[in-house]
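Have a look at this one before I ask anything.
The values are calculated or read from the model by the stated rules, or taken from the named source; none is laboratory data. On a predicted model such as this, the values are computed, not experimentally measured, just so you know. Note that we place each Cβ from the backbone using ideal geometry, even for glycine, and neighbour counts take in every protein chain shown. Just the protein is used for accessible areas: all its heavy atoms, side chains included, with ligands, DNA and RNA removed. Shrake-Rupley method; radii C 1.70, N 1.55, O 1.52, S 1.80 Å.
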Amino acid sequence: MQEIKKSVGIIGIGTYLPEKVLTNKDLEKMVDTSDAWIVERTGIRERRIAESDIATSDLAACAAEKALSDAGVSADEIDLIIVATVTPDMLFPSTACLVQDKIKASKAAAFDLSAGCSGFVYGLVTGSQFIQNGIYKKVLVIGAEALSKIIDWDDRNTCVLFGDGAGAVVLGEVESGYGILGVELGADGSGGDLLKMPGGGSRLPATMESVNNRQHFLQMSGSDVFKFAIKVMGEAAVKALDGAGLTNEDIDCLIPHQANNRIIQSAAKRLKVPMEKVIVNVDKYGNTSSASIPIAMDEAIKSNKIKDNDIVVLVGFGAGLTWASCVIKWCKEGNTVASK
Ligand code: UT7
């Protein structure tokens, strides 16, 4: 079993989704695709798209403010902000610094974390370390993406899959036995080419040629990422459960990264978790990368699909390639009491 020094858990959660909805029918007018293909192959029916003047930090700040209000914590109590994103406002400064300024979390340290769609769980695990070790008391972890800005809207292989959104949590100390009980993080950099945005970094700075070659858009080998996801989701969750001294039979609620309904169903099957215990909202928002898990978790809490004392398992996979899982014993009320 993994040794937990101080118990750390989620003491507040909030999400923000842009209002504009892009349906599969809308996409039929843009590329050679069909609602039937998208629903059958992915489960996605619609996704949210940020307005042209909205960037990731705007979505992140809105979600952060809701999480702070849910936790009853003011921005100036936050010690650290971690933003997991693959769509930062710009290469630097970090989106976390932009959020720090927007929400006026003046004493918070701030940095971004790049782990693709596993980013939120990577952030949760990273942020929790500072509290476990007594360095910080309150950490804001945000998964936020404006993926519509890096999508090639002429590429039917990718443009039907992604959406924009943000989810945020406040981490704090909770009653012993609750909060994060087990974690698993992993990476296989040899798969980096399978999901990437090649242009705009130091390897391929922006040139007329790189723009004309569409190298500033997301590129993905969908079927390879699919195979990787099928394999890694179950394995990662089992390792995190093992770290918590639990098994798949203890899972009350499974919150997988929302990329594709077929991947979610396969993960549930491998873990022998019935679909009633699995949170699925990919139909409404598509793949929002690092935002997908906190958005799904917030919905699950608000619809009472997560109850006190439930064992909740978060599991994601994504660019890198990366994977991440985290086992949480949920008790919002207990958490709130302990955090005061
Ligand atoms: O968060 C991590 C990021 N990414 C993912 O999780 C994505 C993981 N991968 C997937 O979800 C699936 O691989 C996809 C949904 C991307 C694709 O599904 P698939 O069952 O693996 O299809 P495929 O890539 O093997 O393509 C099958 C066919 C191809 O046509 P041909 O070559 O068989 O004639 C594609 O050109 O489907 C075609 N196709 C489409 N047809 C209509 C691909 N995209 C579309 C589309 N509409 N939008």
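Show which aspartates and glutamates lie in cross-link reach of Lys25 when reach means a straight Cα distance below 12 angstrom and same-chain residues fewer than eight apart are skipped.
Straight-distance partners of Lys25: Asp35, Glu46.
How long is the gain from Met90 to Asn309 if the chain were fully straight, where each residue apart is worth 0.36 nm and the alpha carbon distance is subtracted?
74.8 nm
To continue, here is another question. In degrees between 0 and 90, to the nearest 10, how far off the longest principal axis of the chain does helix 261-270 point, with axes built from Cα atoms?
Tilt relative to the chain: about 40 degrees.
Determine ³J(HN,Hα), in whole Hz, for all residues of segment 139-149 in sequence, where each value follows from phi through the Karplus function 6.51 cos²θ - 1.76 cosθ + 1.60 and θ = phi - 60°; x replaces Gly and Pro.
Listing the rounded values in order: 10, 9, 10, 10, x, 9, 8, 10, 5, 4, 7 Hz.
Assuming R0 = 35 Å, can you tell me the calculated FRET efficiency for the pair Asp283 and Asp252, based on Cβ-Cβ distance, to the nearest 0.05?
So the FRET efficiency works out to roughly 0.95.
Which residue fluctuates the most in the chain, going by a Gaussian network model with Cα springs under 10 Å, if the choices are Leu254, Leu204, Leu181?
Residue with maximal mean-square fluctuation among Leu254, Leu204, Leu181: Leu204.
Could you calculate the FRET efficiency of Arg41 with Lys20 from 1/(1 + (r/R0)^6), where r is the beta carbon distance between them and R0 is 30 Å, rounded to 0.05?
0.80
Once amide H atoms are placed 1.01 Å from N in the peptide plane, what residues at a sequence separation of 5 or more from Thr322, or on another chain, have their amide H within under 5 Å of its amide H?
Asp188
Among Glu299, Glu65, Glu28, which one shows the highest mean-square fluctuation when the chain is modelled as a Gaussian network with alpha-carbon springs under 10 Å?
Glu28
Using only the Cα atoms, work out Rg/Rh for segment 8-177, with Rh taken as the Kirkwood radius, to two decimals.
1.04
Can you work out the Karplus-derived ³J(HN,Hα) for every residue in segment 203-211? Use 6.51 cos²θ - 1.76 cosθ + 1.60 with θ = phi - 60°, whole Hz, and x for glycine or proline.
These are the phi-based 3J(HN,Hα) values: 6, 9, x, 5, 9, 4, 5, 5, 5 Hz.
Quick one: helix 119-132 against the long Cα principal axis of the chain, what's the angle to the nearest 10°, folded into 0 to 90?
Its long axis makes an angle of about 20 degrees.
Obtain the radius of gyration and the Kirkwood radius of the chain from its C-alpha atoms and give Rg over Rh.
Result for the chain is an Rg/Rh of 0.95.
Using just the helices of the chain, give the 222 nm mean residue ellipticity in deg cm²/dmol: DSSP H runs with n ≥ 4 each add -39,500 (n - 2.57), and the total is spread over all residues, rounded to 500.
Value at 222 nm, helices only, nearest 500: -10000 deg cm²/dmol.
Ok, one more. Rank these residues by their accessible area, most exposed first, probe 1.4 Å: His257, His216.
His216, His257
A follow-up question, please. Could you pull out every one of the lysines with an alpha carbon less than 16 Å from that of Lys196, ignoring same-chain neighbours closer than 8 positions?
Reachable lysines: Lys149.
P(r) tail for segment 180-329, what percent of Cα pairs lie past 18 Å?
Here the tail beyond 18 Å accounts for 59 percent of pairs.
Take every DSSP beta bridge with both residues inside the chain and express the antiparallel ones as a percent of the total, to the nearest 5.
Here the antiparallel bridges make up roughly 70 percent for the chain.
Extending each Cα 7 Å along its Cβ direction at Leu204 and Asp242, get the distance between those two points in nm, one decimal.
About 3.7 nm, to one decimal.
So between Gln265 and Gln129, what do we pick up on full extension, going 0.36 nm a residue minus the alpha carbon distance?
Fully extending the segment from Gln265 to Gln129 adds 45.8 nm.
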